[in-house]
Amino acid sequence: MLKFFKNFMSKFFKSMFKKKSHVKLGLYGPPNGGKTTLANTICQDWLGEEMGSVSNVAHETREIQIKEEIHIKSKDGKELSFNLVDTPGIATKIDYEDFLKHGMNEKDAKERAKEATKGVIDSIKWIENMDVVIVVLDATLDPYSQVNITIMGNLAARKIPVLIVANKIDLKKSKIKKVEAAFPQYEVVGISAKFRKNIDDFYEKLFELVEKRG
């Protein structure tokens, strides 16, 4: 009886702590999918400031970036607090020659590739710290070529709630149906982070995602 009571109280206090703690919300996805653009939109909406810089050159975000205590409200009055974690783009191959094409000299290109590689490793390590994850994809590109199977496998194994964001739906080449077909096991929401299209739908899905955290 005493053992049962101790187990019950342990679970009770863990549950209380879990509910009170800030949710760690991670943004994952390939380079140039729009993670930082989405992060900036979220921060501008609720903090009045940006998260980080964006660029047409891949791997602009090469270090983990965190904004703490973002508080948002839903249309029906629900409130959500979370720490937003913007991770470097996940790529299976990083070649310094790709940066040469953008006008960098060889020394800077090699340093950029080195930083980008470290960023990918850090992103993978940080998965275990996440409570919920948003995977941001470019809806104009093949979804299968953008997602790292190891990342998705780790998320599934850890039972971390995932929302797939099909970004850039403002572009004619975007095909949200392809993204939905590629990930039938996950909720998919189409947005344009740059132009804030469907961003309110995204926030509603975010509330639903956190509720699944249990």
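Any read-out appearing in this document is the output of simple, stated calculations on the displayed coordinates, not a laboratory observation. The model shown is predicted, which means the values in this text are computed figures rather than measured ones. Neighbour counts are summed over all protein chains in view; Cβ atoms, including those assigned to glycine, are modelled from backbone coordinates with ideal geometry.
Test of understanding: what is the full-extension gain from Arg158 to Lys75, defined as 0.36 nm times their sequence separation minus their Cα-Cα distance?
26.8 nm
How many nm is it between the label spots at Arg213 and Thr140, if each spot is 7 Å from the Cα in line with the beta carbon?
That separation, rounded to one decimal, is 3.4 nm.
Between Ala181 and Glu68, what length comes free when the chain is fully extended (0.36 nm per residue of separation minus the Cα-Cα distance, one decimal in nm)?
Between Ala181 and Glu68, full extension yields an extra 37.3 nm.
Cut-off under 14 Å on the C-alpha distance; same-chain residues fewer than 8 positions from Lys75 excluded. Which aspartates and glutamates are left, in chain and number order?
By straight Cα distance, Lys75 reaches Asp200, Asp201, Glu204, Glu208.
Just tell me which aspartates and glutamates come within less than 12 Å, Cα to Cα, of Lys178; anything on the same chain fewer than 8 places away is out.
Asp138, Asp142
Compute the signed sum of charges (Lys and Arg +1, Asp and Glu -1) over the other residues within less than 10 Å, Cβ to Cβ, of Gln44.
Overall, the nearby charge balance is -2.
Quick one: which of Lys24/Lys177; Lys35/Lys205; Lys118/Lys175 span more than 25 angstrom between C-alpha atoms?
Lys24/Lys177; Lys118/Lys175
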